[in-house]
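Everything below concerns the one structure shown next.
The values are calculated or read from the model by the stated rules, or taken from the named source; none is laboratory data. This structure is a prediction, so every number in the text was calculated from the model and none was measured. Counting neighbours? That spans all protein chains shown, and the Cβs are built from the backbone with ideal geometry, glycine included.
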Amino acid sequence: MTGKRVNTTATADRTGEVYATVGDGKVRLLTGTRTNKGSWAVTVNGLTSLGFPINGTISVRTLVFPGNSNQFAEHDAPVDLGWASHTYTMGSLTYAKSDTDGYTARAQEFYLP
């Protein structure tokens, strides 16, 4: 991922993490769950500091990186799940993330205004 690293916070139980960058006209996030299954919410704050209006809609692209229990195995290319519209309010975007296995990572990206 290219761009400037921005501040992120793991889930309160420390089972989920996010790495994020801003650059080249995009915000990019990489999310993972440390081998845990379940549902989480990803929140992106400070959208107004990136030039977004206080409220609006953002199209977010998701790529899935399937994995398995062999962390050293070669894996297939990511699966592009396409773009989905998400409404944000008060400069903050929250969207759901659900993992059916504990080995799959996801990347999300959206364009800056």
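Taken together, the residues in segment 1-47 that are assigned to a loop (DSSP other than H, G, I, E, B), under 16 Å from Val64 (Cβ atoms), of a type outside the set (Gly, Ala, Ser) and within 15 Å of the chain's Cα centre (by Cα) amount to 2. A residue that is assigned to a loop (DSSP other than H, G, I, E, B) and farther than 17 Å from Arg106 by Cβ occurs somewhere in segment 73-86. Selection of segment 1-43 for residues being surrounded by 12 or more Cβ atoms within 10 Å (Cβ to Cβ), modelled with pLDDT of 90 or more and among the small types (Gly, Ala, Ser) yields Gly3, Ala20, Gly23.
What's the total number of residues in segment 57-113 that are surrounded by fewer than 15 Cβ atoms within 10 Å (Cβ to Cβ), within 16 Å of the chain's Cα centre (by Cα) and small (Gly, Ala, Ser)? Going through segment 57-113 one residue at a time, the tally reaches 7. Among the residues of segment 53-65, is any at pLDDT below 95 and either over 23 Å from Asp101 (Cα atoms) or assigned to a loop (DSSP other than H, G, I, E, B) (or both)? Taking every residue of segment 53-65 in turn, none turns out to be at pLDDT below 95 and either over 23 Å from Asp101 (Cα atoms) or assigned to a loop (DSSP other than H, G, I, E, B) (or both).
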